[in-house]
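Participant: If you scroll down you'll find the structure; I have some questions about it.
The values are calculated or read from the model by the stated rules, or taken from the named source; none is laboratory data. This is a predicted model, so every value here is computed, not measured. Backbone-built Cβ (ideal geometry, glycine too); neighbour counts: all protein chains shown.
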Amino acid sequence: MASVRLEKLRKSFGRTEVIRDIDLEIADGEFVVFVGPSGCGKSTLLRLIAGLEDATGGDIWIGEDKVTATEPAKRGVSMVFQSYALYPHMTVRKNIAFGLSLSGAAKETVNERVDRVAGMLQIGELLDRRPRELSGGQRQRVAIARAIVREPRVFLFDEPLSNLDAALRVQTRVEIAKMHQDLGATMIYVTHDQVEAMTLADRMVVLNGGRVEQAGKPADLYHKPDNLFVARFLGSPP
Ligand code: ADP
Ligand code: MG
């Protein structure tokens, strides 16, 4: 696993500045949750770290490596999206194995890892099915399995639970927390769900208009907001 460092990170689309001078250090093994209103730049920030967007300025470090200009596949990060983005024509096993197979891992190694991760997420029985034969919750677990199996240095989650019903959301949230414990993984997680953020985060970062308003332990942010924006956003007691 690895730490992540953002240095004066900036991103514009045309003339619109979406990420403005973000400086942030995320420790090895830390679970950091980004929250903030719709359009504040949460997804863009994750996409920058994943390498799916190029930064307009500043740098991104993962561990000892400056990855600002590194292609996505070589950054050692895995991203889980809100929509599952599974390949409909492939079995669950193939879906999970796809990225790993591409990287040239031996077939036995791939199968072994897929079996282990599928067991961990309790989808071992589903490996021969196709995505259309799965429930929403099962599909999201396949997407999470696909992220884990690559053994990334950093996990990125963009609102991974928002398409699930309430009960499944809680169950999958618990699984993600357990996965964090078991793997000791560095996790960067985006949600608009306050409860999700408070329960998962070692540290919470409130974004507003592409800037960090405040970062800290969830309870500290809630009880000691730096400003009115944070207080209102988190619904802090007056
Ligand atoms: P969030 O995930 O916090 O809701 P986003 O990161 O998706 O916010 O978007 C931040 C802002 O950047 C929004 O105003 C959005 O319209 C804009 N934006 C995101 N992606 C693009 C793009 N590819 N081209 C132009 N504008 C974009
Ligand atoms: Mg978003």
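Participant: So which residues in segment 97-136 are under 17 Å from Lys178 (Cβ atoms), in contact (Cβ under 8 Å) with a residue 12 or more places away in the chain and touching an Asp or Glu at 6+ places or on another chain (Cβ under 8 Å), if there are any at all?
Facilitator: Matches in segment 97-136: Met120, Leu121.
Participant: Then there's this: I need the full set of residues from segment 9-23 which are of a type in the set (Val, Ile, Thr) and more than 14 Å from Lys42 (Cα to Cα), in order please.
Facilitator: Thr16
Participant: From Pro218, Pro131, grab the single residue that is of a type outside the set (S, T, N, Q), under 18 Å from Lys42 (Cα atoms) and in contact with a helix residue (DSSP H, G or I) (Cβ under 8 Å, 6 or more places away or on another chain).
Facilitator: Testing whether each residue is of a type outside the set (S, T, N, Q), under 18 Å from Lys42 (Cα atoms) and in contact with a helix residue (DSSP H, G or I) (Cβ under 8 Å, 6 or more places away or on another chain) leaves just Pro218.
Participant: Just to check your reading of the model, which residue among Leu24, Leu48 is more than 13 Å from ligand 2 (Cβ to nearest atom) and within 17 Å of the chain's Cα centre (by Cα)?
Facilitator: Being more than 13 Å from ligand 2 (Cβ to nearest atom) and within 17 Å of the chain's Cα centre (by Cα) holds for just one of Leu24, Leu48, which is Leu24.
Participant: Within the set of pairs 6+ apart or on separate chains, which have a first residue in segment 71-96 that is more than 20 Å from Val110 (Cβ to Cβ) and within 16 Å of ligand 1 (Cβ to nearest atom), a second that is not hydrophobic (A, V, I, L, M, F, W, C) and not in a loop (DSSP other than H, G, I, E, B), and C-beta atoms under 6 Å apart?
Facilitator: Phe81/Asp158; Gln82/Asp158
Participant: So, in segment 178-199, exactly how many residues are out of contact with any strand residue (DSSP E or B) (no Cβ under 6 Å at 6 or more places or on another chain) and either basic (Lys, Arg) or in contact (Cβ under 8 Å) with a residue 24 or more places away in the chain (or both)?
Facilitator: Going through segment 178-199 one residue at a time, the tally reaches 12.
Participant: Need a quick list: helices (runs of 4 or more DSSP H) entirely within segment 169-238 having at least 1 residues that are more than 22 Å from Gln82 (Cα to Cα) and in contact with an Asp or Glu (Cβ under 7 Å, 6 or more places away or on another chain).
Facilitator: Here the list reads 228-234.
Participant: Please name all residue pairs, on different chains or six or more residues apart, with Cβ atoms under 8 Å, provided the first residue is in segment 31-51 and is under 22 Å from Lys178 (Cα atoms) and the second residue is near ligand 1 (Cβ under 6 Å from one of its atoms).
Facilitator: Phe34/Lys42; Val35/Lys42
Participant: Also, quick follow-up: Residue check, Ser12 against (1) within 16 Å of ligand 2 (Cβ to nearest atom); (2) closer than 30 Å to Ala231 by Cβ; (3) hydroxyl-bearing (Ser, Thr, Tyr), all met but one. Which one?
Facilitator: (1)
Participant: Let me ask you something else. Of the residues Leu121, Leu127, Leu134, Leu86, which is at pLDDT 90 or above and under 17 Å from Phe157 (Cα atoms)?
Facilitator: Being at pLDDT 90 or above and under 17 Å from Phe157 (Cα atoms) holds for just one of Leu121, Leu127, Leu134, Leu86, which is Leu86.
Participant: Which one of these is at pLDDT 95 or above and among the β-branched types (Val, Ile, Thr): Val190, Val170?
Facilitator: Testing whether each residue is at pLDDT 95 or above and among the β-branched types (Val, Ile, Thr) leaves just Val190.
Participant: May I ask you to list the residues in segment 212-229 that are within 18 Å of Leu24 (Cα to Cα) and either buried (at least 17 other Cβ atoms within 10 Å of the Cβ) or within 19 Å of the chain's Cα centre (by Cα) (or both)?
Facilitator: Result: Val212, Glu213, Gln214, Ala215, Gly216, Lys217, Pro218, Leu221.
Participant: Go through segment 16-43 residue by residue and tally those that are farther than 13 Å from Asn208 by Cα, in contact with a Lys or Arg (Cβ under 6 Å, 6 or more places away or on another chain) and crowded, with 20+ Cβ neighbours inside 10 Å.
Facilitator: Final tally of qualifying residues: 1.
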